[in-house]
Amino acid sequence: MMRYNRQIILSEVGEKGQEKLTQAKVLIIGAGGLGAAILPYLAAAGIGEIGIIDNDAIEITNLQRQVIYRNDAIGKSKALEAREMALSLNPSIQINAITDTLNVKNAIALFEYYDIMVDATDNLQTKYLINDACVVTNKAFVYGSIYKFQGQVSVFNYQNGPTYRCLFPDEKSNSKNCVDAGVMGISVGIIGMFQANEVLKMVLGIGKVLSGELLIYNMLTNDQQKFELVKSNTSSLSRLDFEKKYNAVENTTLEITANEALEQINDLEVLFLDVRNEEEFPKISLPNHIQIPLADLEDNLSELDLNKKLLVYCQSGIRSKRAVEILRNHSFSKVQSIAGGALKLEGVIAANTISI
């Protein structure tokens, strides 16, 4: 117990509180900027078992904010590297590295095992998946989100409180992630520590949990606001309903890799559709290419040929999935989203010196 002496002497923690931390099992979903801030503090506090799920590899652009990774770890698994870091910090706890995406096949089983889920993603679809799996398993999740210099934190589905869908009922929102909008490293650090704090409060049973409230923090002004949330979504969700819903989503949101897409650059029956805004970089120059920003897509469908195969990309692969959904709803049957978006396309072109 000597390792935790400085928190055990707090009357709100004590040895009984430390035992609660030791018995707790927390799943961190995402080993990016938020996850890199959340994980060290939960590990150092003595959370007995921590799962971290992420299928991504470390890239040089991650190092500006994902401060648990070293420069020589570029190309390695985020989940595995995060595990090594956490164990070097506190070898007395258990860290489970899961090198996969959170999906319909593994979400329920994982959520049934862990006590608290922590959302460290920048993917809108995954946030809804986390929410719905938490509703099915009756587990709480700590929400975090960053947009430029503003961060949001809340706790959803805590003791039958408001869910993520009570705050954001529109699943078809076109919100940007940090790859698209940009982010300062300090922003994810601040919000990640707010999230870790909520986890510790729930485990210890102390303080006031951010359930039914949304905390908004402005990094530029240090303004902090809290807004009350009302539970408006009271519909229950069975495991069978969950599986049907997300299996349908997986079956209709088809993806193609950047390599596979670029193999088709000379096919006259293929059209590359860029749904980014005009000012976004990198610029990808392809012979069979058209740019229609996602916000304008439904008003400009006449510019697209129903008979051609459409390969859709955005900056990182998030908005393109929404574009695929829109196109399929308008009878475009041959359409796929390019995983990783323009950033992956640029990397493949550079690595293979593809002549376009």
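Only one of these is out of contact with any strand residue (DSSP E or B) (no Cβ under 9 Å at 6 or more places or on another chain), surrounded by 15 or more Cβ atoms within 10 Å (Cβ to Cβ) and either assigned to a helix (DSSP H, G or I) or aromatic (Phe, Trp, Tyr) (or both): ALA44, ALA79, ALA86. Name it.
Result of the check over ALA44, ALA79, ALA86: ALA44.
What are the residues in the stretch 208-232 that are open to solvent by less than 60 Å² (accessible area, probe 1.4 Å) and of a type in the set (S, T, N, Q), if any?
If the condition is that a residue be open to solvent by less than 60 Å² (accessible area, probe 1.4 Å) and of a type in the set (S, T, N, Q), then SER211, ASN218 are the ones that fit.
For the stretch 49-60, what are the residues that are open to solvent by 30 Å² or more (accessible area, probe 1.4 Å) and in contact (Cβ under 8 Å) with a residue 24 or more places away in the chain?
ASN55, ASP56
May I ask you to say which residue of MET184, MET202, MET193 is modelled with pLDDT under 90 and not acidic (Asp, Glu)?
Every option except MET184 fails the conditions.
Results for (1) open to solvent by 10 Å² or more (accessible area, probe 1.4 Å); (2) closer than 21 Å to ASN62 by Cβ; (3) outside any helix (DSSP H, G or I), shown as yes or no for each residue.
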residue	(1), (2), (3)
THR121	yes, yes, yes
ASN131	no, no, no
GLY144	no, yes, yes
SER154	no, no, yes
ASN197	yes, no, no
MET202	yes, no, no
ILE206	yes, no, yes
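With respect to ALA339, determine if the residue is in contact with an Asp or Glu (Cβ under 6 Å, 6 or more places away or on another chain) and within 17 Å of ALA261 (Cα to Cα).
Considered against the rule, which asks whether it is in contact with an Asp or Glu (Cβ under 6 Å, 6 or more places away or on another chain) and within 17 Å of ALA261 (Cα to Cα), ALA339 comes out as yes.
Where in the stretch 265-353 are the strands (runs of 3 or more DSSP E), entirely inside, with at least 2 residues that are closer than 20 Å to ASP122 by Cβ?
It comes to 309-313, 335-338.
Residues VAL335, VAL312, VAL324: which one is surrounded by 14 or more Cβ atoms within 10 Å (Cβ to Cβ) and modelled with pLDDT under 90?
Residue meeting the stated conditions: VAL324.
All but one of (1) surrounded by fewer than 19 Cβ atoms within 10 Å (Cβ to Cβ); (2) over 24 Å from THR234 (Cα atoms) hold for GLU112; state the number of the condition that does not hold.
In the conditions (1) surrounded by fewer than 19 Cβ atoms within 10 Å (Cβ to Cβ); (2) over 24 Å from THR234 (Cα atoms), GLU112 misses (2) alone.
The values are calculated or read from the model by the stated rules, or taken from the named source; none is laboratory data. What you see is a predicted model, and the numbers here were worked out from it, not measured in a lab. With ideal geometry, Cβ positions are generated from the backbone for all residues, glycine too; neighbour counts draw on all protein chains shown. Just so you know, the surface numbers come from the protein's heavy atoms only, side chains and all, with ligands and any DNA or RNA stripped out. Shrake-Rupley method; radii C 1.70, N 1.55, O 1.52, S 1.80 Å.
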